[in-house]
Amino acid sequence: MPATIHPRERPGIINPIFTCQPAGAQFASIGIKDCIGIVHGGQGCVMFVRLIFSQHFKESFELASSSLHEDGAVFGALDRVEEAVDVLLMRYPKVRVVPIISTCSTEVIGDDIDGVVRKLNEELLPRKYPGREVHLVAVHAPSFVGSMVSGYNVAVRDLVQHFAGRTEPNGRLNLLTGWVNPGDVTELKHLLAEMEVDATVLFETEEFDSPLMPDKSGVSHGETTVEDLRSLGDAVGTVALNRYETTLAAEYLEQEFGIPTVSGVTPIGIRNTDTFLQRVKNLTGKEIPRSLVIERGRALDAITDVAHMFLADKRVALYGNPDLVIGLAEFCLDMEMKPVLLLLGDDNPNYDDDPRIRAMLEHVDEMEIVTNADLWELERRITQENLELDLIMGHSKGRFVAIDSQIPMLRVGFPVYDRAGYFRHPVMGYAGATWLAESIANTLFADMEYKGMKEWVLNVW
Amino acid sequence: MPYHEFECSKCIPERLRHAVRKTEGEDLTSALPLGYLNTVPGSISERGCAYCGAKHVIGTPMKDVIHLSHGPVGCTYDTWQTKRYISDDGNFQLKYTFASDVKEAHIIFGAEGLLKQNILDAFAAFPHIKRLTVYQTCGTALIGDDIEAVAQEVMDELPDVDIFVCNSPGFAGPSQSGGHHKINIAWINQKVGTVEPEITSDHVINYVGEYNIQGDQEVMLDFFDRMGIQVLSTFTGNGRYDDLRAMHRAHLNVLECARSAEYICNELRVRYGIPRLDIDGFGFEPLGSSLRKIGMFFGIEDSAEKIIEEETARWKPELEWYRERLRGTRVCLWPGGSKLWHWANVIQEEIGVDVVSVYTKFGHQGDMEKGIARCGNGALAIDDPNELEGLEALEMLRPHLILTGKRPGEVAKKVRVPYLNVHGYHNGPYKGFEGWVRLARDIYNAVHSPIHSLSALDISKDEIPTDRGFVTRRMLSDRDLDPQIANRADLRPYSGRFDIIPEIRARRAERVANGEFVSAP
């Protein structure tokens, strides 16, 4: 059976895999230090996105709403944006960056958020906040276009476009991570540090995992500064991970400042991490040190322990953000698994141009890729079409598919709210490859024991 | 009773009249916080939208229904799997959510055709489900799709299905409360009176404003079974669509959450002459009084007294065990709406804690009036609090615990205040006599957590105690307790199971098997 790719055929969505653009823009917003985004729309567009961030990270993040009510929907609500900016600046004296994020309602009524940013820059800011550095950045994120993935892509581009400048070369590498967990950022920074590469990271999210401190000072917020963002134009190169999440910003940096750019790498698995390091080496001229040979060897050792004995030929379904799913599928193939069903993100019509997907279509025997997918595509194949699976990998919104069909599931991606602490673990880099291989194995082991399926094999392993 | 001015909100004077501090000899007429007014933009309020108030809070707990949101995917995704309203037949309402997936072309050319195809596909995917609700969202409200016409068209084509339409876009009102109102009125206008129920008892009620959070409704149905009361419908937790179309045949509307569901009770009174009785399933005394009142209405007080006697004998010693150990515990009661007055007094009387603050995200002035009246002096009442006000209040009041929602609970954690989820509950159900003991247990476990007791220690500055490898909750809670109380043999901590709902369901199934009366089959 050859590999195929096609979009979801029903017009509607039963159990969505992804949410809408404003959520992606908000995820970018919380990555920046001294930044609070204002979402111009109904309050639910913020309240629920904050809730899902807090479900995933078990932390709270600051995001504001223009609180669109009925009168604003009828007569226009730009006055609400003006008031929101003023209230926010008065009460949060450290705030320097305020993305103004539109939603479906305010795009439909045609509120001109670019215009209101100009007006505020000309009137409110110089009059009431002279001498205070405040950046208002309009981000158009209508919910009826794309998904949270494209919303993140657009927001990163708009923020980069606003800030990036050129002074003098700083020898640093721009690392645009895409929508990843703090654990991934830690691992990526570690790999670069081993290569003695200084990087500007969009976004520094390790502090999302903030401590509970005796002096009550812990706050979950990103750490990428305005200065970091400004310096992007001075870099020696840009590595943009996750093709669908960072390409717009990377293209802008390349075109505007002529920065050598590598785009679309997703360092999930050994092979993709190797590629990532080679790209970094090409851009920076830095050598890959022996310490990483050792780390890589340790990961290979761990994977060898489980791969051909336990993982080989295991049938997997994957869903989530497209780059994550593609990266996981590639790694699964390296581990001799069979990723038989891939459910990819949104209505982006260009997935079949992705060289990674083209390669899988060419070389993989059994694989169905559904684009613009929902979770019903997974569930009905299991319940109605007898799709046999040994494992599901995806985020928590699909948990009932796994629970009801008694298929073991490894939680990956965003959001993961029904397992503790997963945001702390990387899926990228050599550490991520180790974590994935061992977590897949442990998930299968628990299932073997629960179902009494060759559980005695593990007696002597 | 002066208004309380927050330092952080001095620059937004319209906030001044949204908080009051209750003082000696208070008179509610002198100062009552404003409520249910438009939110101050940019204040980082905790409020949600009218769409979620309608769809997420009230619509979706209905269990035998396809719940479809007409709009872009976000509204559906974001509100899905963020609540704990279970049902007794497989949790379809938690597991499945439907979005018409409106895209840019639909915004320009209209999405009615898309919606129709969606409805047909949804029924085709779940052929055993014949009922469907459609919720308008901001986008489809603004483009003016005629959802009713689409619904009617489908009903004409598929005679065995029924569709309810709720037009409550996110911007319709200051908070989720606007959506509560809209769906109440839409339901009675469209659906009540369209099904004739089978009456199985002389005592027939609608159970209204009850959402079966972690099984609350099923706890109460167990009592109604024992009282011989037929529950025609539950609005809406664990409720059936067609039962709710027959609400007009009840003798009495028994109302729990007046904030979200008094509107339909008031309409049922006006249109069908059904009286409204406000009750309270939380706390021994309020629950006992509630069962008594219902019993009195039907002239069956004895059945209520029997339940109260049995349940009190079984659970009071466990409640008392906690009350003795929670005296003086300072709590902020910061729920969404009605719990601020449902709990304000009884949590102090029966669980022993001191309520130092109440707040409401979407309550109205009437909720505050009742809430403040039930607090002690010194309590701070806040309407539509925002992030900074909440933190300032925590710093000022230094509570031992806050009772609030998931995300605000994470804020409190960082200032070393543990929280309990009073929307979805930690380890509920909290209704019923046993449920109330479970709340007391959860409060005790949070407040006397040995891990929490470590959080104030600064190992870089403080002398680190080295004499202990562990501390138990009892070592903390009983430290200053009179030994005579600590050792009382007639009291005991909670003795129930982690999940009590299977026991209740088994008990009710046994009644059915034995041919005994059940309140709602």
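The values are calculated or read from the model by the stated rules, or taken from the named source; none is laboratory data. Predicted, not measured: the structure shown is a model, and the values here were computed from it. Neighbour counts run over all protein chains shown; Cβ positions are idealised from the backbone, glycine included. The protein model used for the area step is the full one, side chains on, heavy atoms only, and it has no ligands, DNA or RNA in it. Shrake-Rupley method; radii C 1.70, N 1.55, O 1.52, S 1.80 Å.
Brief remarks follow.
- Of the criteria (1) at pLDDT 95 or above; (2) in a loop (DSSP other than H, G, I, E, B); (3) open to solvent by 80 Å² or more (accessible area, probe 1.4 Å); (4) of a type in the set (Asp, Glu), which one residue B:510 fails: (2)
- Scanning the stretch B:17-59 for residues that are out of contact with any helix residue (DSSP H, G or I) (no Cβ under 7 Å at 6 or more places or on another chain), of a type in the set (A, V, I, L, M, F, W, C) and within 14 Å of another protein chain (Cβ to nearest Cβ) turns up just one, B:37.
- Residues in the stretch B:61-85 that are in a loop (DSSP other than H, G, I, E, B), in contact (Cβ under 8 Å) with a residue 24 or more places away in the chain and under 17 Å from residue A:19 (Cβ atoms): B:71, B:72, B:82, B:83.
- Residue in the stretch A:254-265 that is acidic (Asp, Glu) and open to solvent by 30 Å² or more (accessible area, probe 1.4 Å) present: yes
- Only one of the listed residues (A:183, A:146) is buried (at least 16 other Cβ atoms within 10 Å of the Cβ) and either within 14 Å of chain B (Cβ to nearest Cβ) or farther than 27 Å from residue A:425 by Cα (or both). That residue is A:146.
- Among the numbered conditions (1) open to solvent by 20 Å² or more (accessible area, probe 1.4 Å); (2) in contact (Cβ under 8 Å) with a residue 24 or more places away in the chain; (3) in contact with a helix residue (DSSP H, G or I) (Cβ under 9 Å, 6 or more places away or on another chain), the only one that residue B:402 does not meet is (1).
- Search result, residues across the stretch A:223-254 that are aromatic (Phe, Trp, Tyr) and more than 20 Å from residue A:136 (Cβ to Cβ): A:244
- Candidates B:249, B:269, B:245, B:226 - the one that is more than 20 Å from the chain's Cα centre (by Cα) and without any contact (Cβ under 8 Å) to a residue 40 or more places away in the chain: B:269
Yes or no, residue by residue, for (1) of a type outside the set (Val, Ile, Thr); (2) under 19 Å from residue B:331 (Cβ atoms); (3) in contact with a Cys (Cβ under 6 Å, 6 or more places away or on another chain); (4) within 14 Å of chain A (Cβ to nearest Cβ):
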site	(1), (2), (3), (4)
B:435	yes, yes, no, no
B:447	no, yes, no, no
B:452	yes, yes, no, yes
B:464	no, no, no, yes
B:469	yes, no, no, no
B:477	yes, yes, no, no
B:485	no, no, no, no
B:501	no, no, no, no
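- Residue check, residue B:171 part of a strand (DSSP E or B), more than 21 Å from the chain's Cα centre (by Cα) and of a type outside the set (Val, Ile, Thr): no
- Of all residues in the stretch A:19-41, those that are at the interface with another protein chain (Cβ under 7 Å from one of its Cβ atoms), among the β-branched types (Val, Ile, Thr) and assigned to a loop (DSSP other than H, G, I, E, B) total 1.
- Evaluation of residue B:495 against the conditions (1) surrounded by 14 or more Cβ atoms within 10 Å (Cβ to Cβ); (2) in contact (Cβ under 8 Å) with a residue 24 or more places away in the chain shows that the sole unmet condition is (1).
- Residue within the stretch A:42-51 that is of a type outside the set (Val, Ile, Thr), surrounded by 19 or more Cβ atoms within 10 Å (Cβ to Cβ), assigned to a loop (DSSP other than H, G, I, E, B) and facing chain B (nearest Cβ under 7 Å) present: yes
- Residue pairs meeting the criteria (Cβ under 6 Å; at least 6 apart or on separate chains; first in contact (Cβ under 8 Å) with a residue 24 or more places away in the chain, in the stretch B:112-123; second in a helix (DSSP H, G or I)): B:112/B:150; B:115/B:150; B:116/B:150; B:119/B:154
- Taking residues in the stretch A:66-95 that are more than 14 Å from residue B:386 (Cα to Cα), and partners anywhere that are of a type in the set (Gly, Ala, Ser) and part of a helix (DSSP H, G or I), the pairs with Cβ atoms closer than 8 Å and at least 6 places apart or on different chains are A:68/A:105; A:73/A:105; A:73/B:141; A:78/A:115; A:79/A:72; A:80/A:72.
- Out of A:149, A:108, A:95, sole residue that is β-branched (Val, Ile, Thr) and over 22 Å from residue A:30 (Cβ atoms): A:108
- Residues that are over 21 Å from residue A:250 (Cα atoms) and of a type in the set (A, V, I, L, M) do not occur anywhere in the stretch A:161-183.
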